[in-house]
């Protein structure tokens, strides 16, 4: 029941925009998309340098003639092929997300886009509109939303396991940029610390959108107001590397969010604690297979991935009974769910399409960033989020 | 070397104001003060009902004639005895701290006062002034500052083990008041949810002052500005039960503080993470014997209480080599350090008097509360802390 | 309800045999016995050197004339006093336990004895017999049996929370003697590595008896057979420092026990996992306030000390609601329970006398050591334990 | 540097023997082999029922004509194809491992075999001999040996980070078979509890060989003698489900191993603690990204996967910088290393071929099982392991 066989109809051809030599996230996208034979990489624009892009394409088994120089070229050729790619994954600097996505969707190609969706809410609204008009899937790469226990947390909150949500603590505290980034740093480090390429808030675009989505995904609530301090703790940095934000939710709940790329000594501590009237749920990406639930009477539970009492969606997300799952398993679930959106045949036998992070989520994410930036500029004053 | 023998000169007589039947914190004060024979309970005002106070006094071995009806009476009689108490511990509702402390100090009796020091900064300033003028010890019962690994954290920061402090996360997230407090609740619960007895912020007075002191104790920094949201998440509650606060420090560091008594399912999660330019230090009261240090290169250390490389102050604070220590051990260290302030004879053989939480800390604590209350009333606007 | 007021009738006078200068365990005995005013140290034989013993006695407030040179002298003088000590705590090298206990009990003094009870099962049987004939309390200092969550584990097993016990893993893995012990080592290290003073198995006497008792205390089962390897992993050591033992229980369950003083890098990792047909319970002294219960369906619970659903005996053992407890709190519970055995008046208002580690436990402990030594000498052959 | 691009030369065609409908381990083999495009599933004998085997083959994209009825048929056809499979993965009941492997190797096909290698040491010796004579790779599916931190542990021991190894604790404590297995259970559960299909020791074949290999892999030592108790704790079971074993190593070290499939409430707790003269290293599969190192002076370190100070082999094994890795990542490393053994071209640019679990390891594993069975039958007497 929990298994999903790809079948002949699958091995959906897909392309990548970016993700070439030296891109770690590119590797994970490929591994995730191709796990279980759901997608197969067939084309790409792997570099802004066409020669280098072709070289890379060969290392990952893409035919030379399907390694393109530009997104336009890819769209032109692939949309003319009977076996052309149906999905393209965008793994470029933030400022290029929207232009690439626009071009792809106008060519009828579904999109899996790295976060943040764009560099402004206005761009995001436009992309959402294009996707809607053309009936295309626009997915955001919020990979952790593929973890079984994140699904379980969402299901538990929805079932009222902790009562009405009243308070929340969430953070994405990474240490990757704790030291100054030199000019000879990796490309990913360079553009993330370049305001022109990173967007209005580097740290919120890169990490904050993840925890913003996780918060909404698990609680089912929207954040309506923020009081924020965006700052940089590494001397000489011209983008923000740290955001400290007070939250107000649409149901009256309160909360705090901490986002940083400069927590010296940290890995990628993404985590959330949701407090309800009768208990709490906590999840941390470092131990993704475990969910801690505490009840108001002091009793506590550990829910693990591989137990029979889990929700259907958590059970569907489980890939390795009894062995540890990791980021790539979660990410593969996200791609598999996207495939089900693309593939009506397989969908037929399912009760319903799985929820995926989409363009509406992206619009909320960009609105969140813009409100946080405004609040920080205005002495941490409470600032409303425009929403969708 | 690490042991401290009380000796004949010790068993310093002390009294308690409050802490009678049903008081859990009273038990810990007595156990801590008397551990190792440092202090001995000889007098007290154990209840506002003199008869009940005497009854309680007998259960803890206090002579009937030294169980007094009022603080005034206690001062009058004890200051006339050759063997009268030298210290009195105040364990009453917050609003009574300052009046009791004033009366005691005017009678020449040293004070160990539960937090918050008072219900206003002005009161705290006055008490500090009295203590200064009379050369009396005024100690605040920030018990966790007696934990060995809190001392180790302080020593490590001072030694530069994590470089300049740049960011901080601290919380005291208790779940004790997650449900509405009924009229038949315990006395401690009733006065903590009564604005008249709890002071301007119940949650900051009761728990926030602890984490405020811990922050300053470990980092050696002062918090200069706050942007705060004080709120109540339990319906019908007339005091705040939750505070979410953004922090600015005097060295430019940023931070967040979360304080609540309504985190359903929590015990008493007091904890702190201090980030420096080259690493971080984390401590949590739930596992008090462990300190986690992470370095910017990704390596990490666990420091335990019982290791030879610890600082002198951490080593001095160690009581049980090889076995778990708890709250009472930490608290006993605090009392022992107070004894050393009272006892010049024993001090003679020490390099220096140990640092204890004192009246100046209390003034800062009250100023912090007042600034947080003001910020919250003013839309989370950044608000300066008056300091001492 | 959970509080136990010592009252006037308490402050039971007690003595110590050993536990003078440099003795860490002596400090814990004094702190534990005197916590809450249950016992009061009034006499002792603190050293084999009478002058040094007197000097030490003064540092802990014992009158000079009640610091004795020998156990005989103590018995003689104290039994003649109306206010003479009623209990004596034995904290000497193992080989002296039985002679001291015999003398004390023959003088009508109750005994709290450090483990192992003796250096042979025969000695232990004799002491049990004396205690029985004279109606005296003979308590063994298995301090961890005072932890609230050890009581909770015992209660859960008894209630059938994990079904019939089928398998067990227990260990006491200390690292204190990982390096060779030089001639200038502390006294405690010297006698523990001297076969003449330590008894037939140093590691089982010092640590193995603890885990042996813990196993029996929690499960209510007896170990009936062992297959053992006793060895020394530190070169040149003339006592065993490590024991690896397979276990068979009287109900057919199987198990393993690991005991060592030479686990380089360890503190004092005492822990147990008990597996039943329907689940398991795990406790570790390093995190004494937590009990982990896992069920056969994969669900799991964390039980903490301070929750309302705990058993009566766990609740009775709780001293610090909401704050971490440590070794001294557990140890104080043991002394308090001994006091209740001594004190019929206070017992009157209790449902029943609490269980304490006693002479029968000590006989089983010595029989266990003797069987393990025999098995190890006989090629790990399964060897029956004589029992009581 | 840490990345390994598959390139055109890869996508090595491979087959599976077993691993069809309902096989969880089959899914992981396919995901692991195909990650990064290293292998590609092209043929198989997916079921003993040829029709069902073909049906399954289609769901995973294998051409109908390459879904065979028997291993013989597969060898016959595939060895005749220019693009025939070069490797076959054996995922059948234990008793079929050796016959399948023999047939495959005699047809010139390399083998990846699930553990245990065979059902007797004699069979294993024969397979090793065939592999040697024909110059074929015979790999054992000890997947956890692909975890980065297992490689790091091995490197640290080899570097002397904990000194000479003196003591070891290892376990594989699974709870999957804690309840009686009914006749309608899954196929994997049925054959694992059928002595005819499982071999001389079900629990040691299925789980014990894993921890046996892990022990040898990390320490570089051989186990030379065992004293064992093999038993069944679930009533009515006709295979052993639990093994408790004392160990002696070739360097004089001692140790204990605990293996069970009936630890009610457990997942798959595979773990090891290695003690040296100057410290210890601990790894647990439940938190595979972390290694704990404790030193004899009490200091401790946490090594994480993503740090620069790790060994080359640990760094090579890292796939997701900053995000959690899981079982499939480790398993994919194992397949990638096998590919390097098959592929001299890619090997050319490497310093040396990576170590993989091979036929010699399998022979040791079977000898270990046979010695444990003999010891258990002989009252836990110390029994020598025949070795290779």
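The values are calculated or read from the model by the stated rules, or taken from the named source; none is laboratory data. Quick caveat, the model's predicted, so the values are computed rather than measured. We place every Cβ from the backbone using ideal geometry, glycine too, and count neighbours over all the protein chains shown.
Is it the case that region D:57-69 has a residue that's more than 14 Å from chain A (Cβ to nearest Cβ), surrounded by fewer than 18 Cβ atoms within 10 Å (Cβ to Cβ), in contact (Cβ under 8 Å) with a residue 40 or more places away in the chain and over 24 Å from residue D:189 (Cα atoms)? Scanning region D:57-69 turns up no residue that is more than 14 Å from chain A (Cβ to nearest Cβ), surrounded by fewer than 18 Cβ atoms within 10 Å (Cβ to Cβ), in contact (Cβ under 8 Å) with a residue 40 or more places away in the chain and over 24 Å from residue D:189 (Cα atoms). If we scan region B:112-127, do we find a residue that is assigned to a helix (DSSP H, G or I) and in contact with a strand residue (DSSP E or B) (Cβ under 7 Å, 6 or more places away or on another chain)? Yes, some residue in region B:112-127 is assigned to a helix (DSSP H, G or I) and in contact with a strand residue (DSSP E or B) (Cβ under 7 Å, 6 or more places away or on another chain).
Among the candidates C:275, C:327, C:331, the residue that is touching a residue at least 24 places away in the same chain (Cβ under 8 Å), closer than 30 Å to residue B:290 by Cβ and within 14 Å of chain D (Cβ to nearest Cβ) is uniquely C:275. Is it fair to say residue A:284 is in the same structural domain as residue A:172 (by TED's automatic domain parsing) and without any contact (Cβ under 8 Å) to a residue 12 or more places away in the chain? Criteria not met by residue A:284.
Looking only at region A:278-296, residues that are buried (at least 24 other Cβ atoms within 10 Å of the Cβ), within 11 Å of chain B (Cβ to nearest Cβ) and not in a strand (DSSP E or B) come to 0 in all. In region B:347-385, the residue that is nearest to residue A:380 (Cα to Cα) out of those that are surrounded by fewer than 19 Cβ atoms within 10 Å (Cβ to Cβ) and modelled with pLDDT under 95 is B:355. With respect to (1) part of a loop (DSSP other than H, G, I, E, B); (2) in contact with a helix residue (DSSP H, G or I) (Cβ under 8 Å, 6 or more places away or on another chain); (3) under 19 Å from residue B:11 (Cα atoms), the lone exception for residue C:62 is condition (2). Cβ separations smaller than 6 Å between residues 6+ apart or across chains give the following pairs from region D:39-50 residues that are more than 21 Å from residue D:334 (Cβ to Cβ) to residues that are in a loop (DSSP other than H, G, I, E, B): D:45/D:68; D:46/D:20; D:47/D:20; D:50/D:69. Taken over region D:111-139, the residue count meeting the criterion of being in contact (Cβ under 8 Å) with a residue 60 or more places away in the chain, farther than 25 Å from residue D:192 by Cβ and out of contact with any helix residue (DSSP H, G or I) (no Cβ under 6 Å at 6 or more places or on another chain) is 1.
Screening residue A:320 with (1) closer than 24 Å to residue A:159 by Cβ; (2) surrounded by fewer than 24 Cβ atoms within 10 Å (Cβ to Cβ) gives one miss only, at (1).
If you go through region D:243-255 and keep only what is touching a strand residue (DSSP E or B) at 6+ places or on another chain (Cβ under 7 Å) and either at positive phi or buried (at least 24 other Cβ atoms within 10 Å of the Cβ) (or both), you end up with D:243, D:244, D:245, D:246, D:247, D:255. On inspection, residue C:161 fails the criterion of being within 21 Å of the chain's Cα centre (by Cα), modelled with pLDDT of 95 or more and within 14 Å of chain D (Cβ to nearest Cβ). The requirement of being surrounded by fewer than 19 Cβ atoms within 10 Å (Cβ to Cβ) and within 28 Å of residue C:122 (Cβ to Cβ) is satisfied by residue C:79. Scanning region C:300-317 for residues that are part of a loop (DSSP other than H, G, I, E, B), away from chain A (no Cβ under 12 Å) and surrounded by fewer than 22 Cβ atoms within 10 Å (Cβ to Cβ) turns up just one, C:311. Only one entry of C:240, C:206 meets the criterion of being within 14 Å of another protein chain (Cβ to nearest Cβ), in contact with a helix residue (DSSP H, G or I) (Cβ under 9 Å, 6 or more places away or on another chain) and in a loop (DSSP other than H, G, I, E, B), and that entry is C:240. Being part of a loop (DSSP other than H, G, I, E, B) and either modelled with pLDDT of 95 or more or facing chain A (nearest Cβ under 8 Å) (or both), is that true of even one residue in region B:255-262? Yes.
Mind checking whether some residue in region C:169-188 is in a helix (DSSP H, G or I) and in the same structural domain as residue C:364 (by TED's automatic domain parsing)?
The answer is yes; a qualifying residue exists.
Return yes when residue D:91 is under 21 Å from residue D:206 (Cβ atoms) and surrounded by 15 or more Cβ atoms within 10 Å (Cβ to Cβ) and no when it is not. In short, yes. Of note, residue B:233 satisfies the criterion of being assigned to a loop (DSSP other than H, G, I, E, B) and at the interface with chain A (Cβ under 10 Å from one of its Cβ atoms). Being farther than 27 Å from residue A:28 by Cα and at pLDDT below 95, is that true of even one residue in region D:31-48? Yes, region D:31-48 has at least one match.
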